[in-house]
Amino acid sequence: MSGSGSLVLSIESSCDETGIAVIEDGRLIRSNVVASQVALHAPSGGIVPEVAARAHLRWIVPVLDEAWTDAGVSWPEIGAVAVTYGPGLAGSLLVGINFAKALAWVHDVPLVGVNHLEGHVYAAWLHDPGDDEREDPVFPLVALVVSGGHTFLVEMRDHLAYRLLGSTVDDAAGEAFDKVGRLLGLDYPGGPAISRAAEGATRRDRVFPRAWLGESFDFSFSGLKTAARRIVLEARADEGLPDPEVPLPSATVAELAWGFQDAVVDVLVTKAMRAASAVGARSIVLGGGVAANSALRARLAGEAEALGIPLIVPRPSLCTDNGAMIGAAGARRFVAGERAGLELDARPSLPLAGR
Ligand code: KG4
Ligand code: ZN
């Protein structure tokens, strides 16, 4: 990438965040603006696709204005427009794609399509101005991506070259966090709420089941979710609070949140470390919204250090959905010669694939 000096304008709208960024040399964040819809979806406890698409339409122009002003750039400096084209919600993806196409066409700039999942991996290469000390990932690496819609382990021996080692066979880890958060009566989204509640746990001896799936690098979280429902009902019976409308005492919620989080983190970290050893990884990369979880970050950091493998984890706001990560991946694809035509369409189930 070095030497191209090129700026990429990148757009992310696959789910419930409208994100636009300007990225220099595939790494340096010149600006990164995210409009979150969390407050909008909180009353329904989950994302409503039509509401999400309409909110992207409402926010995409103001988000561009702010990203543009923050970066202080002009169109002749922009080398490409990168946009997420999958996986994600079709209506949400289409807002970003059509906006990107219009910008690329009007300003006569190449368009590059980016896979949202590779964006989560490429967040590991991003750095803020003045943050030159930050280490870049080194190949071969193992990346663990844990988000609301996806959970997988992938090996990379070069840029844009992916070998899937394992993925969830049912729910994503973030989805399990969100559902168990609801069971515990916590705010939406459940992930950050469980993380906060778990920090306050004084008793740390509640054991939730782990699905190891033998030696495989696949994950399963639906059994854990079912077990969590049973464990919460048992806790309610023990406390004499069978009515689900009556909140559990916050100390019990904290203990249960800790037990659930510990089970998820244990499986994620154990498999990631086993995968890193199996492929002789020289770096481990962690990404996706659940990578904002401090227990996961701390445990993986400890185990990676014990094995002497550098761990690269973006700061929490670059782990959850954002435009900068799409710019980092898009710049790599742009430099590799990839161009999308104006026929670029949304691919809601797009798999992670290399070049
Ligand atoms: O990557 P992301 O922003 O969107 C998707 O691509 O899915 O991930 C969102 C997910 C949600 O399930 C949310 O609960 C979870 O990331 N999450 C967390 C934390 N922050 C966000 N899960 C656990 N601990 C957190 N601190
Ligand atoms: Zn995501």
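The values are calculated or read from the model by the stated rules, or taken from the named source; none is laboratory data. Every value quoted in this text rests on a predicted model; they were computed, and no experiment measured them. Reconstructed Cβ throughout: ideal geometry from the backbone, glycine too, with neighbour counts over all protein chains shown. We work out accessible area using only protein heavy atoms, side chains counted, and drop any ligands, DNA or RNA first. Shrake-Rupley method; radii C 1.70, N 1.55, O 1.52, S 1.80 Å.
In table form, for the structure just shown:
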{"read-out": "Average Cα contact separation per residue, the range 210-308, under 8 Å, 6 or more apart, as relative contact order %", "value": "27"}
{"read-out": "For the chain, size of Cβ-based charge dipole, Lys and Arg +1, Asp and Glu -1, in debye", "value": "580"}
{"read-out": "Derived scalar couplings ³J(HN,Hα) [the range 72-89; Karplus, 6.51 cos²θ - 1.76 cosθ + 1.60; whole Hz; x for Gly, Pro]", "value": "x, 10, 10, 4, x, 7, 7, x, 7, 10, 10, 9, 5, 10, x, x, x, 7"}
{"read-out": "Rg [Å, one decimal], Dmax [Å, integer] - the range 79-236, C-alpha atoms", "value": "19.7, 62"}
{"read-out": "Surface accessible to a 1.4 Å probe, per residue, for the residues of the chain, Å²", "value": "41"}
{"read-out": "Under 18 Å from the Cα of LYS179 - aspartates and glutamates, other chains or at least 8 residues apart", "value": "ASP16, ASP170, ASP171, ASP187, GLU234, GLU245, GLU255, ASP262"}
{"read-out": "Phi-based couplings in Hz for the range 277-286 (Karplus 6.51, -1.76, 1.60; Gly and Pro marked x)", "value": "5, 4, 9, x, 5, 9, 8, 10, 10, 10"}
{"read-out": "Alpha-carbon radius of gyration plus Dmax, which is the widest Cα pair, for the chain in Å", "value": "20.5, 68"}
{"read-out": "Reachable lysines from LYS271, criterion Cα separation under 22 angstrom, eight or more residues apart if same chain", "value": "LYS225"}
{"read-out": "Neighbour cut-off at most 11 other Cβ (10 Å), DSSP loop, GluC sites (Glu not before Pro), the range 110-139", "value": "GLU133, GLU135"}
{"read-out": "Helix-derived mean residue ellipticity, 222 nm - over the chain, DSSP H n ≥ 4, -39500 (n - 2.57), to 500", "value": "-13500 deg cm²/dmol"}
{"read-out": "Relative contact order of the range 81-201, defined on C-alpha pairs under 8 angstrom at six or more residues apart (%)", "value": "14"}
{"read-out": "Cα-based convex hull, the range 237-351, per residue volume (Å³, whole number)", "value": "197"}
{"read-out": "Solvent exposure, largest accessible area first (probe 1.4 Å, DNA, RNA and ligands not counted), of SER44, SER167", "value": "SER44, SER167"}
{"read-out": "Sequence-distant residues sharing a close amide H with ASP170 (under 5 Å, placed H)", "value": "PHE221"}
{"read-out": "Angle between the chain longest axis and helix 90-107 axis [Cα atoms, degrees, rounded to 10]", "value": "20"}
{"read-out": "For ALA82, residues with placed amide H under 5 Å, excluding near neighbours", "value": "LEU9, SER10, ILE11, VAL112"}
{"read-out": "Estimated dipole of the range 212-311 in Debye, rounded to 20 [Cβ of Lys and Arg +1, of Asp and Glu -1, Cα centre]", "value": "440"}
{"read-out": "Relative contact order of the chain, pairs being alpha-carbon contacts under 8 Å that are 6 or more residues apart, as %", "value": "26"}
